[in-house]
Structure formats: C-alpha cells, structure tokens
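Some notes on the structure that comes next.
The values are calculated or read from the model by the stated rules, or taken from the named source; none is laboratory data. Since the model is a prediction, treat every value here as computed from it, not as a measurement. In this analysis, Cβ positions are derived from the backbone assuming ideal geometry, glycine residues included, and neighbour counts consider all displayed protein chains. Accessible surface areas use protein heavy atoms only, side chains included; no ligands, DNA or RNA. Shrake-Rupley method; radii C 1.70, N 1.55, O 1.52, S 1.80 Å.
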Amino acid sequence: MRKSRLWSWFWIFIGTLYFVVPLLATFEFSLRARKGTLSFLAYERVFKDPAFWKSFGFSLELAVFTVIISVLLIVPTAYWIRLRLPQLRGAVEFITMLPFVIPAIVLVFGLIRVFSGPPLPLTDTYFGTTALLVAGYVVLALPYMYRSIDIGLAAIDVRTLTEAAQSLGAGWGTILFKIVFPNLRVAILSGSFLTLAIVMGEFTMASFLVGIKAFGPYMSLIGQNKTYESSSLAIISFILTWAFIGLIQLLTRGRAEGQMAGAR
Amino acid sequence: MNFLTLTNISKTFGNTVAVKDFNIVVEKGEFVSFLGPSGCGKTTTLRMIAGFELPTTGQIVLDGEDITFTPPNRRNVGMVFQSYALFPNLTVAQNIGFGLRVRKMPVQEIDQRVKEMLSLIHLQQFGHRYPYQLSGGQQQRVALARALAIRPRVLLLDEPLSALDAKIRVELRSEIRRIQQQLGITTIYVTHDQEEALSLSDRVVVMKDGLIEQIGTPFEIYNFPQTPFVASFVGTLNVLRAKVLDADKGLLSLEGQTFYSSEPLKQVRNGDVVSVAVRPEIITLVGGGAELNQLNCRVETVTFLGSIVRIQVRIAETMLFFDTFNNPHLVLPQVGAPVTIYFPREACLILELTRE
Amino acid sequence: MSNKADMKKASHNRGVSLTRPSKTPWLTWLGVAPFFAFTLFFIFLPSASLLVGSFQNNAGQFTLQNFIGLLTPSVVNAYWVSIRISVVTALLGGLLGFFLSYAVTLGGLPQWVRAALLTFSSVASNFAGVPLAFAFIATLGRTGMVTALLKAWFGLDLYAQGFSVYSFWGLSLTYLYFQFPLMVLVITPALDGLKREWREAAENLGASGQIYWLRVALPILTPSILGAMILLFGNSFGAYATALSLTGGFLNLITILIGSQIKGDVLLNPGLGYALAVGMVIIMAVTTALYYFLRRRSERWLRI
C-alpha cells in the first residue's frame, strides 16, 4: 500500500513538472524584456499596442456571435429532437461528431473552395468573410455545444415541462424562451465558455480567412519578431483559458469534471 | 465441532467502532445469518472473515487454523457479493473456472467442475454467455457457482439478494438453501431482511451498533427476544404502555383494564410504567367469559389483505392491531363495534420501563 | 416480445398526443430545418466540394491522377511524419495520462489531488495552438529556461546533442502538453468504473494482485485505453496551429502541406491538394469509427 502510494506521488510529480515548467519558463522569459532586470515591460508593450486590443476585440466579437448562433441553432434542434423527432437523434448526433473527423484545416479549405466564387462569393466582402469565419467556428464548437445542451435537456425532462406549459396555455415561443432556455442556463453557459475558449485563440481558420485582424494570427505575427512579447501573450492566453474553464467549473459546481475541446 | 470461531473480534475505523466484542462458534455445515440494520457491523464482520478487513483485536480460527491475518487469496473461503461482481470480460464458464485456473488445476478438471457447477445452478446452457447477457438473478447464481467452484471451507454471502426483484428474491432464497443443504457447506449470510434470515438460517445473529444483541435459532429469536431491539427489529409488534400494579404477580394495568404478563417482573416496582410488546398474530377475538388477559375494545379499522385480515382496535387512547386468517365463512367485525380480545400471558414481552 | 412492442407503441402515442396531431407533418420537420440547412452549407457542401475536386483535373474532367499523385515522395513523407508524430504522442501521452489517472483513482491519493489534476487537465487540453508553441520555445528553445538549466546544472547541451524544439521530438514534447491531459480526462471515468468488488472477488478466488490486473482489470480496460489513444492520435493528426507556430512550416506535416496549398498552390495542382484533404478525412474517419466501436464495447462492460 505504502509503496503504491509512493508510485502514485511519483507520477503526480512528473505530471506537475510537465505542467508547471513550461509555464514558469514562459513567465520568466516574459519578464526579461528589460536587459539585466526582471520587469513587466513586455506586458506593458503588449497592452499599449492598439493592434492587440483591436484583434482581441475582434476575436471576442467573433466569439460572441459564434455563441449566439450556436445556441439559437442547437437548443431548438436538440429540444425538438427530444420532443417530436426522436428518430432523427442518431443522425443529428452523427453530424455533431463530424468536426472531429474533418480537421479545421480541411474544413477551411472546403469553405474557401465553396464560398470564394459564384454562386456564393462570400469571401469577396469583409462582411462575407467574417460571417464565413463565424460559421466555421459554429461548426468547430458543434460537438461541445451539442453535448453540453443535450446533457442539460436530459436532466430536466423537457417532455413533462412542455406538457405542463401547454396545459397552462403556453405557446411555442413562450415554451422555448420562458421554459427551455432558462432551465438550460447552466448547460448553455458552460457550452458557451468552452466555445469562447476555443474561438479566442483560434488560429487555423482565422489565418486563412481574416488574417491578423483576429487574435490568433496577431499572436502568431508577434511571435515572428518580438520574443518577449510573445511569451507574455502566451501567459495572457493561458490565464484566459484558465478563467473560462474555471467559470465552467464554478457554474457546474464541479459536476463536470473535465472539459475538452481538443488540439489546434 | 467448532469449525469457525470468532473470538473477541473488534474493528475500529478511525474513531468509529464498527464491531465490538464479537464472539461466535459456528459448527461445520451450519447456516448462520448476521441480521441487523445498515451500519450495525454485520458486513464488516463478514469482510473480516473473508480477509478484506483486518480485525483491530481478536482472533479468527477456521478449521483449526488461525486465519486472522491470512491474506484473502489464501483463505479458501467463497464470497458472494451484493453487486454480483462477475468479471464482465469473461464468460459464465470462465468466471466459474477463474478460481480453479488461478489454482493451476488441469484444464480437463476445470471443465468438469464448471459443468458440475452449471448444473448445480440449473444454467447448463449458459456457459458461453457473458454476464451482461444474463438477468440479475442468473448473474447471482453464477456468482454463487463461482464461489462454490473452489470448494471453499466457508461460503460467505453479503446481502446477495437485495439487488433483485421481490419474486426472484424468494426463488433464489430457496435455491441457496437447497444448494447449501446439498453440499453441507458452512455458510455465513449477511442480510438486513428478517424474513430471509429467519427462513434460511440454522442460527441468527442479531446485531446493532457493532454489538451482538442475541444469537439463537430463528424460533428463539422470534419468540423469545432477549432485548427490546431484537423484539422490535424482528417481526411486527404492538407496543402497550402499561402501569405495574403487582410486580410479583406480573399484574399490569392498561387504560383501566388489567392483564398479566409473562413472569414475575424483576427490577420493577409497583407504580412503574413499562412498555409491553405483543405480537399481532398471537391476539385472538373471543366471544366473552371471565378468563384472564381479556381486554375490551372497539374496532377502529378492518383491512382485508388477502390471506389475512388485519383488524385495528382501540382501548381508550391505545391502538393495537391483530391478524386473523381469511376464510370465506369469516364474519368480519363491524367498525365501531365493541369486541373482546385475548392474548396469553406468556406472549407479553417487556421492552423497557420508565419510572415516574 | 409483443409486450415490448405494445409499450413502444404506447409511448409513441403519448408523444403524438402531446400536441394536436399535426395535419401537416412537414411542419414538424421544419423545426430541425435550420440545423440541417446550416450543416448542409458549412459541413457537407465544403466536404463534398473537396471530394469532387479530388477526382477532377485542371480542366474539370474526371481523373484518378490526384490520388496517384499522393504517392509522390514528399506527400508520402508528410503523411508519414504526421502519422509518426501522432502515434508517438498518443502512446507517450496515453501512458503518462493513464498513470496519472491511475494515481488519483486507485493510487490512494487524497481527493484534492484528483480535483486539481482534473481541473488542470481541462485547462491544459484546451491550451494549444500559438501560445503553446511560444511556451515551448521559451522552455526548450535555444535560449529556453530548461535548455539553459540543463547546461548549467548538468553540463548537458541539448542543442549540441542534436535536439531542437523545432524538430520532430521538439514538436512531440509540445504536443504532449495537451495530449496527456486529454488522456486523463478520457480514461478517468473508465478507471472509476473498475469496481472494488472485482478485485475482492478475484482475491477471494485465490488470485494475487498481479493476476487480477492481468486477467481482469487490464482486459476490462483495454478497449477504453485503446479508444482513448486513438482519440489522442486524431487529436494530434489534425493539429495545425501549434506545428506551424513552432516550426514555421519546416516540419513537413500533412496539415502544414495542406495549409501551404491553400495559401499558394505549392503543388501546382489544386486537385492534388483536395486529394490530400480527402486522404486526411479518411484517416480521421477510420480512427473515429474505431474509437466509437471501442467505446461502445467498454461501456457495455463497465456499466454492469
């Protein structure tokens, strides 16, 4: 027993090391911008760069739109599937898993091929390109958003709630916006934060569609010529990721033990 | 013939005492049940016999061998778990043969023994199935066969029926008893279900809060409970609050009427109030007369339960109920009608007293 | 049997009686129309377009030439490097993740270690892409902290030994940062599913701890472990941002190759680019299907 516990602590030690050392190294590196002393100069420079705020704001906007569209698309669908079209459940679940099969780089390749010419020349305009990127993000977020909402729906027995609402004279709009959405609050919010975490630093799709206007490509550009600033950006986005995951765990009160969105 | 002996066993987890001063001598071939509410220490005691817990103090001797600290895999006792605990990756036959394979028995003998076991539990056709393809009752029979296949010295069953449906439970109960008798194997059975304990066992150990309350045959436990807890935990009871009129004669008073209890009351003074328990099946309706222990009362409710009829009566503020067997010619008393009931003085169990 | 059918019927009736029986059944289908329209436009159409493109030559005629073109050495090499890095990080990440998960589930560690590990795993498995590459450059780059410390403390010059963070192994170490946490997240429920009674039953039947692990625990866990590692494989196979930011496109991964094809048609043949993408999707589809097959199998066992 004692020996096996020692073994356990050994692995935890290795894991902690793997986790902490790169963060420490990055943090230490980000403080070395001023020669000879440790300082937050790199952070100051990042925060003073208007391009930082611009790209950050732009990505935040993209993320918010992605969340809104995802929720409006998925909640009614998942609800309707449970209520009236259970025979489509398998098909919808299959579709929501497709983003695992089609990597972002392939998806953006296909999106560009389809929407860069007639009959749907979205990439010709600023608005069109941005909309296309949001659509791509909705696809990327689909598996996580759907799973979160479907689990939420399973927990509240929508069928009975709907029956109760109908027996009291509610129409579909009332049911959806006064009953379903409020009861799914936690599921929607935790799916949304995960989506935010995915979209904020997303690079692959953004770099092909909008370039350095978005936060991911902006960070990449900084990385090419400003060493210390790039380290501080890494720390900033790590804190951001931690904040989103922390919010999810706070919301679900630790019930959702692990959140995964996968690699990029 | 003391085959399994537990001497002064106690077990503490941190600050909580799970089992205290547990002593029992089990004979070879005997079927003993540990009965009690959850948390009474019955499962902990069983797990100490199996070797999954080590006693804090005391000694366990099996067949002349001190096994108190023997690792579980060298005890050769069979265990059946509440959750079946069949290995999901192995077939029924492989599950049953698991212990034999571990013992490196020749393959042919294993096959032979597995076949024997399958026919013992009447599942000859199921050897190639996987556990998830079986019902709960079938899984538990396989678990029983798996435990028996290693020819254990003692068979331990930890609430084996409590995960099953009521009907399967009764079926499997008699099956367990049949197999136990057929093999003559010493068996310890843990349960919180008094009906199981009473119907299966040669002897019952009633436990509460880590202590043995009483050890005895089912007949003794039910009819002569030695503590108030045993009386109330096993079977159903009417509890009457009565005043002692004459302790030497055992004369008591209930709501102005008098009756006699089983024996001269000890440690009780005249004027004390005692709780008296009377089993419902011992009470009968009488037509009238002047015998002892007759109480006049009024019918409150009559509930038809099929094979029996339960009648609730009231004596002033005291309610009590009794059962009579149903038959088509029975004339049921009317609600509100005055009736007289009778119970023999030996049927009174004194539970506790309060001194005023 | 008929009983079951009746029940099914009954529940179906219940579903219909919920609202007025619709006279226009297509209205019911309208409820899911937006979802299907969206996925048609933004998943199926792009995928189909790549698939069609992969079977066309520059003039738009049918050809298999693009798939034959996949056999050119540079393309084969890109697939090979991608597969190798995915296998290596899936295996190493899988092992490390498994041991970590074992430590917090069965290893007798306090509860707070488990909570901390799972939270950290959620964060780290999501911390990928550009910032992760920066972090590893600061750690294992030529002037990185670990590189410097190894030199100062042990006199070990990583770069003199031929190591580079921009190389295959550098990228592997970087990928491991999100791979092993993902393993922890995926495998912990499976380890939780191992019942204590299985171990006790095995011991009771005379088995040692070793025999229990060999004959019971590991066989039960094998589908879960394999499935999780396949998931890890796919996770790294599709990764693009991390690799590009770290190696600047020097490492010839399949995702990098597709990326440069999107930017500037480096293959001088758009059809070949589409074939590359289709090949990637096929590999991902096979791994995902395998993952679901194994997961179903382990669920069947672990739920009993």
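For the reader, a short list of remarks on this structure follows.
- Where C meets B: accessible area buried, both sides, 1.4 Å probe, Å²: 2200
- Ranking by accessible area, most exposed first, for B:Asp158, C:Asp192 with a 1.4 Å probe: C:Asp192, B:Asp158
- Computed with a 1.4 Å probe on the full set of protein chains, the accessible area for B:His192 sits at about 90 Å².
- Dipole orientation for chain B: of the candidates B:Gln112, B:Tyr222, B:Val278, B:Gln112 has the Cα lying most toward the positive pole (charges on Cβ; Lys, Arg +1; Asp, Glu -1).
- Within the accessible area of chain C (1.4 Å probe), percent carbon and sulfur: 68
- Scaled against the 2.2 N^0.38 Å expected of a compact globular protein of N residues, the Cα radius of gyration of chain B reads 1.22.
- Phi to ³J(HN,Hα) by Karplus 6.51 cos²θ - 1.76 cosθ + 1.60 over the range C:101-108, Hz, x for Gly, Pro: 5, 4, 4, 8, 9, 10, x, x
- Listed residues A:Ile81, A:Gly57, A:Ala42: farthest to the positive end of the dipole of the range A:39-90 (Cβ charges): A:Ile81
- Take each peptide in B:69-82, C:144-157, count the other Cβ atoms within 10 Å of every residue, and average; sorted highest first, the result is B:69-82, C:144-157.
- Burial annotation for the range C:239-280: residues with an accessible-area loss of at least 50 Å² between the isolated chain and the complete set of protein chains, computed on heavy atoms with a 1.4 Å probe, are C:Tyr240, C:Ile262, C:Tyr274.
- The residues of the protein assembly as shown present an accessible area of 46 Å² per residue when probed at 1.4 Å with all protein chains retained.
- For the residues of A:12-18, the average number of beta carbons from a partner chain within 10 Å of their own beta carbon is 6.
- Per-residue Karplus couplings for the range A:183-198, computed as 6.51 cos²θ - 1.76 cosθ + 1.60 with θ equal to phi - 60°, are listed in order as 6, 9, 3, 5, 4, 5, 5, 5, x, 5, 5, 5, 4, 4, 4, 5 Hz, Gly and Pro entered as x.
- Under the span-like rule (Cα at least 18 Å along the axis, Kyte-Doolittle mean at least -0.5), DSSP H helices of chain B: B:107-120, B:136-149
- The interface between chain A and chain C buries about 7800 Å² of solvent-accessible area in total (1.4 Å probe, ligands and nucleic acids excluded).
- Occluded residues from the range C:170-214, i.e. those whose accessible area drops by 40 Å² or more once the chain is not alone (1.4 Å probe): C:Tyr177, C:Leu185, C:Glu197, C:Trp198, C:Glu200, C:Ala201, C:Glu203, C:Asn204, C:Leu205, C:Gly206
- Debye intensity ratio I(q)/I(0), log10, the range B:19-103, q values 0.19, 0.23, 0.24 Å⁻¹ (C-alpha model): -1.04, -1.30, -1.35
- The protein assembly as shown - charge dipole about Cα centre, Lys and Arg +1 at Cβ, Asp and Glu -1, debye rounded to 20: 2140
- Placing +1 on each Lys and Arg Cβ and -1 on each Asp and Glu Cβ, with no other charges, gives the range C:68-302 a dipole about its Cα centre of roughly 180 debye.
- Using a cut-off of 18 Å between Cα atoms, the listed pairs B:Lys11/B:Lys208; B:Lys11/B:Lys42; B:Lys167/B:Lys208; B:Lys11/C:Lys195; B:Lys42/C:Lys195; B:Lys104/C:Lys195 include B:Lys167/B:Lys208; B:Lys11/C:Lys195; B:Lys42/C:Lys195; B:Lys104/C:Lys195 as exceeding that distance.
- Phi-based couplings in Hz for the range C:214-228 (Karplus 6.51, -1.76, 1.60; Gly and Pro marked x): 6, 9, 10, 5, 5, x, 5, 7, 3, x, 5, 5, 4, x, 5
- Summarising the amide proton neighbourhood of B:Arg103: residues at separation of 5 or more, or on other chains, whose placed amide H is nearer than 5 Å comprise an empty set.
- Accessible surface of the range A:40-263, 1.4 Å probe, proportion on carbon and sulfur as whole %: 67
- If you take the Cα centroid of the range C:62-94 and the Cα centroid of the range B:1-33, the two points sit 66 Å apart.
- Amide H to amide H, with H built 1.01 Å from N, B:Tyr189 comes under 5 Å of B:Val32, B:Ser33, B:Phe34, B:Leu157, counting only residues 5 or more places away or on other chains.
- Whether the range C:68-302 is rounded, prolate or oblate, judged on the alpha carbon gyration tensor where a/c under 1.5 counts as rounded: oblate
- Share of carbon and sulfur in the accessible heavy-atom surface of the range B:131-215 [1.4 Å probe, %]: 45
- Shown for chain A: lysine pairs separated by 8 or more places, or found on different chains, whose C-alpha atoms are under 23 Å apart, numbering 7.
- Under 5 Å, built H, 5+ apart or other chain: amide partners of C:Ser164: C:Gly170
- Degrees between helix A:50-83 axis and first principal axis of chain A (Cα, 0 to 90, nearest 10): 30
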